[in-house]
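Please read the structure below before turning to the comments.
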Amino acid sequence: MYNVVFVLGPPGSGKGTICAQIQENLGYVHLSAGDLLRAERERVGSQFGALIENHIKNGSIVPVEITCSLLENAMIASKDANGFLIDGFPRNEDNLSGWNKQMGGKVNEQFVLFLSCPVDVCIDRCLHRGQGRTDDNVDSLKKRVETYNHSTFPIIEHFGKLGMVREVNSERPVAEVYNDVVEVFTAANQK
Ligand SMILES: Nc1ncnc2c1ncn2[C@@H]1O[C@H](COP(=O)(O)OP(=O)(O)OP(=O)(O)O)[C@@H](O)[C@H]1O
Ligand SMILES: Nc1ccn([C@H]2C[C@H](O)[C@@H](COP(=O)(O)O)O2)c(=O)n1
Ligand SMILES: [Mg+2]
């Protein structure tokens, strides 16, 4: 049974940044759905490269069959890990239903870490990220924010109704955000 924490929030809210620190200090393996998709996009021989790039540039969501298989393969590859941080997933209803279909009975969903941050702050962070991403531009970010508002936030609300969401304000300095995130993990792992 894989222990899983979903990490959700607007683009640029700091999911990858915080997940990297959690991985380093708390023994969870960080799996960024976006990073896995970008790697698949670049993989020689992949049949999904163009499809993935189109979705990334359009800020839309890749069919779950592709993303969920990448996630499960990555979990299998680190099967002895204490737990997994599933960063940027599930991002819409298709992701959620596909995950439940493929992973039902195989995972213990501990909680959803929701990094909340004003969209204007998030957009500015992405525009200054400097990682050469094809979706860190005004047009793509506009679409990514629209996807977040219309598709992803309802998923956060779904988990909220189940009492599974742990919200942390990520507009603050990284160190302050991280300290609060550690408290969330500590509380969750004391149960
Ligand atoms: N608390 C923070 N304060 C200031 N800058 C931050 C903070 N957290 C992250 N950043 C910076 O903001 C940018 C986006 O952070 P990060 O890539 O972690 O966000 P993300 O939520 O993973 O974004 P995406 O969904 O686009 O992958 C990075 O340049 C990062 O260094
Ligand atoms: N569940 C997911 C996660 C990501 N993607 C695609 C579309 C996103 O805009 C892009 C980048 O994700 P990020 O690195 O910003 O978390 O990857 C998707 O289709 N499905
Ligand atoms: Mg990220």
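The values are calculated or read from the model by the stated rules, or taken from the named source; none is laboratory data. What you see is a predicted model, and the numbers here were worked out from it, not measured in a lab. Because the Cβ atoms are built from the backbone with ideal geometry, glycine has one as well, and the counts that use them run over all protein chains shown. Just the protein is used for accessible areas: all its heavy atoms, side chains included, with ligands, DNA and RNA removed. Shrake-Rupley method; radii C 1.70, N 1.55, O 1.52, S 1.80 Å.
Rounded to the nearest 500, the helix-only mean residue ellipticity at 222 nm of the chain stands at -16500 deg cm²/dmol, with each DSSP H run of n ≥ 4 adding -39,500 (n - 2.57). The gain in end-to-end length when the residue 127 to residue 76 segment is fully stretched comes to 14.9 nm, 0.36 nm per residue minus the alpha carbon separation. Over all other residues within a Cβ to Cβ distance under 12 Å of residue 166, the charged ones net out to -3, with Lys and Arg as +1 and Asp and Glu as -1. Could you tally the net charge around residue 79, taking each other residue with its Cβ under 12 Å from the Cβ of residue 79, Lys/Arg +1 and Asp/Glu -1? Net local charge, residue 79 excluded: -1. So which residue, out of 156, 22, 66, gets the largest mean-square fluctuation from a GNM of the chain using Cα contacts under 10 Å as springs? Comparing 156, 22, 66 in the GNM, the peak value goes to 66. For the residues 158, 128, a 1.4 Å probe over the protein chains yields an accessible-area ranking, largest first, of 128, 158.
In this simple spin-label approximation, residue 60 and residue 175 carry label points 7 Å from Cα along the Cα→Cβ vector, and these lie 4.4 nm apart. Multiplying the residue separation of residue 138 and residue 116 by 0.36 nm and subtracting their alpha-carbon distance yields 5.9 nm.
Entry note, segment 108-191: relative contact order of 47 percent, from Cα contacts under 8 Å with a spacing of 6+ residues.
Given +1 at the Cβ of Lys and Arg, -1 at the Cβ of Asp and Glu and no other charges, the dipole of segment 2-185 around its Cα centre is 260 debye to the nearest 20. Entry note, the chain: relative contact order of 35 percent, from Cα contacts under 8 Å with a spacing of 6+ residues. The trypsin sites (Lys or Arg not before Pro) of segment 1-54 that meet both conditions, a loop assignment by DSSP and at most 14 other Cβ atoms within 10 Å of the site Cβ, are 43.
Per residue, the average separation of C-alpha pairs within less than 8 Å and at least 6 apart gives segment 1-114 a relative contact order of 51 percent. DSSP assigns beta bridges within segment 2-185; of those with both partners inside it, close to 0 percent run antiparallel. Couplings for segment 130-137, taken from phi via the Karplus curve 6.51 cos²θ - 1.76 cosθ + 1.60 with θ = phi - 60°, read x, 9, x, 6, 6, 10, 8, 9 Hz in order; Gly and Pro are left as x.
The Cα atoms of segment 2-185 define a convex hull whose projected area, averaged across directions, is 10.0 nm². Over segment 2-185, accessible surface divided per residue gives 48 Å², non-protein components excluded, 1.4 Å probe. Close amide H contacts of residue 3 (hydrogens built in the peptide plane, cut-off under 5 Å, sequence separation of 5 or more or a different chain): 84, 108. Report, to the nearest whole %, how much of the accessible area of the chain belongs to carbon and sulfur atoms, 1.4 Å probe, protein only. Carbon-and-sulfur percentage of accessible area, whole number: 50.
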